[in-house]
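Heads up, the thing below is written out as structure tokens.
The values are calculated or read from the model by the stated rules, or taken from the named source; none is laboratory data. Just so it is clear, the model here is predicted, and its values are computed rather than measured. FYI the Cβ positions are ideal-geometry reconstructions off the backbone, even for glycines, and counts take in every protein chain you see. Remember, those area values only see protein heavy atoms, side chains included, never the ligands or the DNA or RNA. Shrake-Rupley method; radii C 1.70, N 1.55, O 1.52, S 1.80 Å.
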Amino acid sequence: MASQFTREWSGIQQFPAATQDKLLELLGRLKEKKKDKLTILVMGKGAVGKSSTVNSIIGERVVTTGAFQSEAPRPTMVSRERSGFTLNIIDTPGIVEAGYINDQALEIIKRFLLNKTIDVLLYVDRLDAYRVDTLDLQVVKAITKSFGQEIWRRVIVVFTHAQLSPLDCLSYDEFLAKRSESLLKVVHSGARFKKQDIQFLAKRSESLLKVVHSGARFKKQDIQNISIPVGLVENSGRCKKNENDEKILPNGTAWIPSIVETITKVALTETKGIVVDQKLIDGPDPNDKWKLFIPLILAFQVFFVAQPILRAIKNDVDKEVKPSWA
Amino acid sequence: MASFTAGTGQFLTLGPTRRRSNPKTSSHPKPSTTHLATPIRCQQISSQNPNTKPSKPLKVPLKTLGVAAAVSGGFWRKLFSAAANADEEKGNEWDSHGMPADIVVQLNKLSGFKKYKVSEILFLDKVKSILVGSDDSFFEMVSLRANGVYTKAQLQKELETLATSGMFEKVDLEAKTNADGTIGLTVSFTESTWEEADHFRCINVGLMAQSKGVDVEENMTEKEKVDYMRNQERDYRRRMDRARPCMLPSSVHNEILSILGQGNVSARMLQNIRDRVQKWYHDEGYACAQVVNFGNLNTNEVVCEVVEGDITRVVIQFQDKLGNVCEGNTQIGVVKRELPKQLQKGNVFNIEAGKQALRNINSLSLFSNIEVNPRPDEKNEGGIIVEIKLKELEQKSAEVSSEWSIVPGRGGRPTLASIQPGGTVSFEHRNIKGLNRSVLGSVTTSNFLNPQDDLAFKLEYVHPYLDGVSNPRNRTLRTSVFNSRKLSPVFTGGPGIDEVPPIWVDRAGVKTNITENFTRQSKFTYGIVMEEITTRDESSNISSNGQRVLPSGGISADGPPTTLSGTGIDRMVFGQANITRDNTKFVNGAIVGERNVFQLDQGLGIGSKFPFFNRHQLTMTRFIQLKEVEEAAGKPPPPVLVLHGHYGGCVGDLPSYDAFTLGGPYSVRGYNMGEIGAARNILEVAAELRIPVRNTHAYVFVEHGNDLGSSKDVKGNPTEVYRRMGHGSSYGVGAKLGLVRAEYAVDHNSGTGALFFRFGERF
């Protein structure tokens, strides 16, 4: 928590004017909704560009990054203030180590987040990773387990290395669609959404942004509100730029304003942010489940298990084959 | 008119009066009786308690008790009272007959001073003029044996015995001289016969005065004689009416009728009937039953009088070490309630009931020697007194057993310093107040020098006959103070996981329960447990969380919580109940039947964190006999299919040490204890096919264990933390070798097989 000390957001001035305007407009929109604080949690596998994304969004080199350097060992929170608005971005170490979920790292993240409110989760993965494997599923599951299914209402799937030339004859958009679809599928299954809900949602939205349902607790009308937005990021310095000197993606959109807009949208959903408290970290206490029904269960056992067995014993005694002399 | 008084022989003795009266009565058939007086030949059953020190801790699994009991069965000696046939003295010296060879000599022509050697004995039926084969029942009546040496007096006595046996109208003994100085004896006889009969009746005359044959006085007038006989006839009728019917089944009855249908009632026929009737009784275990008399001869109904062996008294006697009768400490009621109903006064003595009594009394383990001994009641002819002789065990006993264990020292090599003296000190006070109450205690440590390391103790008080000794309800109260230390199978790694640091679960507490026995195997136990559970790591430090090995190789102590309170020490009070229904029985050594066990631990909200829970288990096992077999000793057992299901579940507070674990020799074979997972709800299913091979059996099995997705409902999810699957199957083959099971089991999760040797039974 070294950099928790809030500083003036100076990095914003380094952005091209067009970007600055856009960002300020978005911040204004947030302030309009009486939201003067935004906390973004960045999570993902190792070496996918989490820290770089943080740096890009802040516009400063706040978190050390390096292509070959190992991960930041502990979560870091970067806080910036701009005209009464505070932006907190929490960068976390990759939670995958040696092909397994590093429970300890997850534990540290959880403890770091204790008593904080998460407005937006950036789930970071590389766009140029072609395969979605069980590891992705495990990561998604681990996040679900740690923060509850609710967090997937506030997620933005962020693809880094967005400036790639797709293989084969796929167009960029097609490739993007395919890639995000496959990852979202994993997210869906990892977050344990029900199949019929996914189908229901798939019908509703033709876009690749599939809607997320979390567990049985979401009511159907809520589902309309849940959609997983996808953001694209290109942290490379050689990123193409448009006439306004904004970094753009191969499809022409300037990505920084675009992702901040997405963040704003997610942050402004009606639901409240995820408050990380002890209870959330521990998950629902399985010991309390059905506890109130114990007297009923006991009564059932007495009348429908114990009594029949006792009757069967009596029956055995009556039926017992006595030796001929008895 | 005949009165046939008893002799010492094994059966009928016809008095000379019968012969005398016969010519007179031949035209006027009279009911007559033959009297058989036989010494009662009952068996004595006794048992010597094989474990004179029952306090010795039985370390073999419970299953072996069945075997032990079978072994102790071998201790029953069947003592038969000496048979009546006294051997004739067999002097080697004998005298030559000194007569020309090949002449027939009358018995009274033989010299009274010589010892004759009998080369052979022949029986000649004078009526049919044929020699009777040696397999004939007459042969057993003669105590003379070929190649024996006898004096004239002995031969005459023998003849007299035969003549008075009632079997013969006339009997004669002739000697034929042989060239080598020996003599051949010919017994020529005329068998006694009576009129043909087509009815048979069997009556139990036990406990009735025996019909005493009164000789007809020579000087009676004809009228007196007729009156006398009429009286006799009437008396006999009355006697028959008073007699109880005997238990001979109709099948045997019919068999006897078919014997009667063969013609005139002859002595030999009666002998056959007697043998048949007695055989049935003895086969059924009525060892004291005797045919004592045939009555109503010369009418169309043969009446067989049987003394079945009614028990007139049950005597319980205590003996001291020297076998003298002494006053026992045990209250009589304790022994009495173990006696089967059939061994009580008023029933017919049955050897099987006696054996049952012996087994029951033996299972009290209060006595070192038990004898159940029926003997004839002198005061009440035909009655049986069942005498139970008991030698009591010492009431108090103490035992110390020690063992040295060599613990690997530094570098894995044992050193002198690493030798640890360990052992058990136990004491027992049995049979307090003579009511089989007992207090037993034991302390075990693996190191007497440092007993605080692991000291296991147990103090138990057992109070049987809670509802009184005379009340048939059989409830036993048990209270114990205990502690135990067990390795928790919850903190075990899955396949391919290196050592998971172990967690020891120490339990210490007080337990009180009441057991009601319904049958030998079915029972209902309920009680209350108060205990303190402490979880410790390898080095005996209290640990509140399991340890886990990090991918980096380090060990972190933030694994799943071990206790409910989170401190490593839990205290709780809960109710416990167990209902066992077991109607299994052995069919030629193979177990057949079904067994259901329902076990319930109900938390009462008393203890650390107010634990409130309902932890339940239901086990169902069926042993299905696949083929009907003849039940007899030495016959092969039937193939048996065993189906087994076990459900365990818990609602409410579930500390890790109470989680259900999957895997292990009594859960899913082929896995280590807890290797599959630890969960809140589990289901195990198993099937085993047992095929008899020679004296033992071989088997194939499949088993599956599943956590029903409830592993995550255990706090800290130890199943996942230690990388276990949560479900697993296995299959394998095995053979039972005595007490040991050797089996090859393949586990499905890793696909590898291994050979296991296990003690005891899986089911």
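Values for this structure:
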| read-out | value |
| --- | --- |
| Some residue of segment B:699-717 being in contact (Cβ under 8 Å) with a residue 60 or more places away in the chain, open to solvent by 30 Å² or more (accessible area, probe 1.4 Å) and within 34 Å of the chain's Cα centre (by Cα) | no |
| Boolean, residue B:575 is over 26 Å from the mean Cα position of the chain (by Cα) and assigned to a loop (DSSP other than H, G, I, E, B) | no |
| Index of the failed condition, residue B:338 passing every other in (1) in contact with a Cys (Cβ under 8 Å, 6 or more places away or on another chain); (2) within 21 Å of residue B:432 (Cα to Cα) | (1) |
| Members of segment B:268-306 found to be away from every other protein chain (no Cβ under 14 Å) and either under 26 Å from residue B:354 (Cα atoms) or in contact with a Gly (Cβ under 7 Å, 6 or more places away or on another chain) (or both), listed by number | B:274, B:275, B:276, B:277, B:278, B:279, B:290, B:291, B:292, B:303, B:305, B:306 |
| Lone qualifier among A:45, A:22 - being charged (D, E, K, R), in the same structural domain as residue A:261 (by the TED database) and within 26 Å of residue A:139 (Cβ to Cβ) | A:45 |
| From the options A:204, A:192, residue that is on the phi > 0 side of the Ramachandran plot and at pLDDT below 60 | A:192 |
| Residue match in segment B:401-422 (condition: over 26 Å from residue B:286 (Cβ atoms), among the hydroxyl-bearing types (Ser, Thr, Tyr), at pLDDT below 90 and in contact with a Ser or Thr (Cβ under 7 Å, 6 or more places away or on another chain)) | yes |
| Residue within segment B:618-629 that is within 41 Å of the chain's Cα centre (by Cα), in a loop (DSSP other than H, G, I, E, B) and hydrophobic (A, V, I, L, M, F, W, C) present | yes |
| Boolean, residue B:593 is free of Cβ contacts under 8 Å to residues at least 60 places away in the same chain and touching a helix residue (DSSP H, G or I) at 6+ places or on another chain (Cβ under 6 Å) | no |
| Residue in segment B:237-246 that is open to solvent by 20 Å² or more (accessible area, probe 1.4 Å) and over 15 Å from residue B:203 (Cα atoms) present | no |
| Matching residues in segment A:72-96 - criterion: being touching a residue at least 40 places away in the same chain (Cβ under 8 Å), closer than 26 Å to residue A:264 by Cβ, in a loop (DSSP other than H, G, I, E, B) and in contact with a strand residue (DSSP E or B) (Cβ under 9 Å, 6 or more places away or on another chain) | A:92 |
| Residue within segment B:616-633 that is under 19 Å from residue B:583 (Cα atoms), within 14 Å of chain A (Cβ to nearest Cβ) and in contact with a Phe, Trp or Tyr (Cβ under 7 Å, 6 or more places away or on another chain) present | yes |
| Test result for residue B:206, more than 21 Å from residue B:289 (Cα to Cα), open to solvent by less than 40 Å² (accessible area, probe 1.4 Å) and at pLDDT below 80 | no |
| Leading residue by the ranking (least open to solvent (accessible area, probe 1.4 Å)) among those in segment B:519-556 that are under 32 Å from the mean Cα position of the chain (by Cα) and touching a residue at least 24 places away in the same chain (Cβ under 8 Å) | B:522 |
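Yes/no per residue for (1) part of a loop (DSSP other than H, G, I, E, B); (2) within 30 Å of residue B:585 (Cβ to Cβ); (3) facing chain A (nearest Cβ under 10 Å):
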site: B:510; (1), (2), (3): no, no, no
site: B:513; (1), (2), (3): no, yes, no
site: B:521; (1), (2), (3): yes, yes, yes
site: B:524; (1), (2), (3): no, yes, yes
site: B:531; (1), (2), (3): no, no, no
site: B:534; (1), (2), (3): no, no, no
site: B:538; (1), (2), (3): yes, no, no
site: B:553; (1), (2), (3): yes, no, no
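Condition check ((1) within 9 Å of chain B (Cβ to nearest Cβ); (2) at negative phi; (3) free of Cβ contacts under 8 Å to residues at least 40 places away in the same chain) across all residues:
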| position | (1), (2), (3) |
| --- | --- |
| A:256 | no, yes, no |
| A:265 | no, yes, yes |
| A:275 | no, yes, no |
| A:307 | no, yes, yes |
| A:313 | yes, yes, yes |
